[in-house]
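Before any comments, here is the structure.
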Amino acid sequence: NAPLSEVDPEIAEVLELELGRQRDYLEMIASENFVPVSVLQSQGSVLTNKYAEGYPGRRYYGGCEYVDVAESLAIERAKSLFGAEYANVQPHSGATANAAVLSAIATPGDTILGLELAHGGHLTHGMKLNFSGKLYNAVSYGVDPESFVVDMNVVRDKALEHKPQVIIAGWSAYPRQLDFAAFREIADEVGAKLWVDMAHFAGLVAAGLHPNPVPHADVVSSTVHKTIGGPRSGFIVARDMELAKKLNSNVFPGQQGGPLMHVIAAKATAFKIAASAEFKDRQERTVRGAKILAERLTADDSRAAGVDVLTGGTDVHLVLADLRNSAIDGQQAEDLLHEALITVNRNAVPFDPRPPMVTSGLRIGTPALATRGFGDAEFTEVADIIALTLKGEADVPALRARVEALTARFPLYPGLAQ
Ligand code: PLP
């Protein structure tokens with residue numbers, strides 16, 4: 001039982017360097033967050049040793065009396081957080097949750113209708129190399145070429161044209177809220193099931209800052225590690241018990257074997273935190289931070305330099321910078337920001353004229369910095385640093401110094417050593 005630094009110094013060094021990177025850079029990848037120390041504790045616990053195939057009270061292994069308590073807590077907290085009668089907290093990831101959902105509500109060969117990947121959809125919503133595109137007849141709706149917003153008339157036309165068995169509402173890169181009631185109406189009109197993938201905005205829903213899809217959808221899937229800020233993993237909720245048996249059996253044994261009980265315990269803790277006033281405050285700072293960033297990137301001086309924001313703003317935790325008219329492309333912007341100690345990811349904009357490895361956009365998210373403690377003043381400073389960079393006026397050493405001043409004022413995991 002020697003420590004990691006003795007058993008495997010190479011991996012110990014990776015952990016230490018990664019902690020340093022997370023501390024030194026401003027993390028603005030929209031799908032990332034920092035879990036609290038309490039979540040790190042569960043994930044690094046002896047619960048990783050336990051096999052627990054089955055569900056609480058109905059396991060295929062002995063000795064599950066304590067992990068049953070953890071999973072039941074996670075289930076009850078997920079239900080209460082999202083106003084659901086049903087929850088399954090076993091999916092190892094968002095993609096596994098989605099595989100289980102699709103196999104529960106569709107049969108291979110069925111038609112599924114989701115948001116186009118290049119317009120902000122996710123791989124599991126029908127991309128041709130993903131199980132969802134291989135097993136199902138995947139068709140898509142896109143955003144409007146002028147407004148970049150999902151037009152419900154187009155969704156309805158596509159649904160009437162293709163008569164899908166499943167309609168998917170949800171996204172990985174979209175700065176506005178979807179109209180779940182309108183999706184429900186269309187699903188009813190064509191006899192489709194409505195599946196909402198709230199992976200990105202689940203934290204906003206939990207805080208009451210985004211409409212809750214649960215009352216409208218037949219089933220809702222999510223990750224826990226994005227806006228919720230919990231362990232890397234997935235879960236499924238539904239407003240009633242109608243699909244409960246099918247969903248449970250399609251998670252286990254359909255997609256998975258033994259659940260990760262250490263991660264499930266960490267999910268329980270993350271859901272408990274998500275019901276707190278402190279969490280709501282954090283989500284409010286997250287959304288306000290994104291709005292501050294959008295305002296800065298649409299200011300006159302930004303627009304004059306060819307920098308803009310898709311849809312003209314944001315209602316959520318991310319901004320999609322539009323660099324189609326800028327001399328700096330997505331790749332160059334990502335690299336320049338990296339030099340200034342800011343981590344973002346380049347992202348193709350819909351109808352992108354530049355190649356996919358280059359792109360004309362950036363996806364910039366505020367959840368991790370809000371978790372770090374940032375409020376309006378800090379997000380204003382960050383927005384200014386990003387705007388200067390994207391305008392091509394970056395004096396990189398000066399911007400780095402401004403970032404260093406911010407990271408020093410908001411220490412990450414103080415006292416933690418890896
Ligand atoms: N669904 C959406 C909308 C996502 O954005 C993502 C992650 O990027 C996933 C599902 C998949 O989550 P995971 O990476 O945990 O498989």
Within region 123-148, how many residues are in a loop (DSSP other than H, G, I, E, B), within 25 Å of ASP322 (Cα to Cα) and of a type in the set (A, V, I, L, M)?
1
Would you tally the residues in region 175-206 being assigned to a helix (DSSP H, G or I), within 16 Å of the ligand (Cβ to nearest atom) and under 17 Å from TYR141 (Cα atoms)?
2
Would you call VAL307 buried (at least 23 other Cβ atoms within 10 Å of the Cβ), within 23 Å of LEU406 (Cβ to Cβ), in contact (Cβ under 8 Å) with a residue 40 or more places away in the chain and in contact with a Pro (Cβ under 9 Å, 6 or more places away or on another chain)?
no
Filter result (surrounded by fewer than 24 Cβ atoms within 10 Å (Cβ to Cβ) and not aromatic (Phe, Trp, Tyr)) within region 166-185:
SER172, ARG176, GLN177, LEU178, ASP179, ALA181, ALA182, ARG184, GLU185
Selection count where residues are of a type in the set (A, V, I, L, M, F, W, C) and either out of contact with any helix residue (DSSP H, G or I) (no Cβ under 8 Å at 6 or more places or on another chain) or closer than 19 Å to TYR174 by Cα (or both), scope region 208-227:
3
What number goes with the only condition from (1) out of contact with any Gly (no Cβ under 7 Å at 6 or more places or on another chain); (2) farther than 12 Å from ILE264 by Cα that SER72 does not pass?
(2)
Of PHE279, PHE235, PHE252, which residue is on the phi < 0 side of the Ramachandran plot, within 16 Å of the ligand (Cβ to nearest atom), in contact (Cβ under 8 Å) with a residue 24 or more places away in the chain and not polar (S, T, N, Q)?
PHE235
Only one of (1) in contact with a helix residue (DSSP H, G or I) (Cβ under 6 Å, 6 or more places away or on another chain); (2) in a loop (DSSP other than H, G, I, E, B); (3) more than 28 Å from PHE183 (Cβ to Cβ) is not met by GLY230, so which one is it?
(3)
Residues that are crowded, with 24+ Cβ neighbours inside 10 Å and either hydroxyl-bearing (Ser, Thr, Tyr) or touching a strand residue (DSSP E or B) at 6+ places or on another chain (Cβ under 8 Å) (or both): does region 211-218 have at least one?
yes
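FYI, it's all coordinate maths here, none of it is from the lab. Since we're looking at a predicted model, the values are computed, not measured. Because the Cβ atoms are built from the backbone with ideal geometry, glycine has one as well, and the counts that use them run over all protein chains shown.
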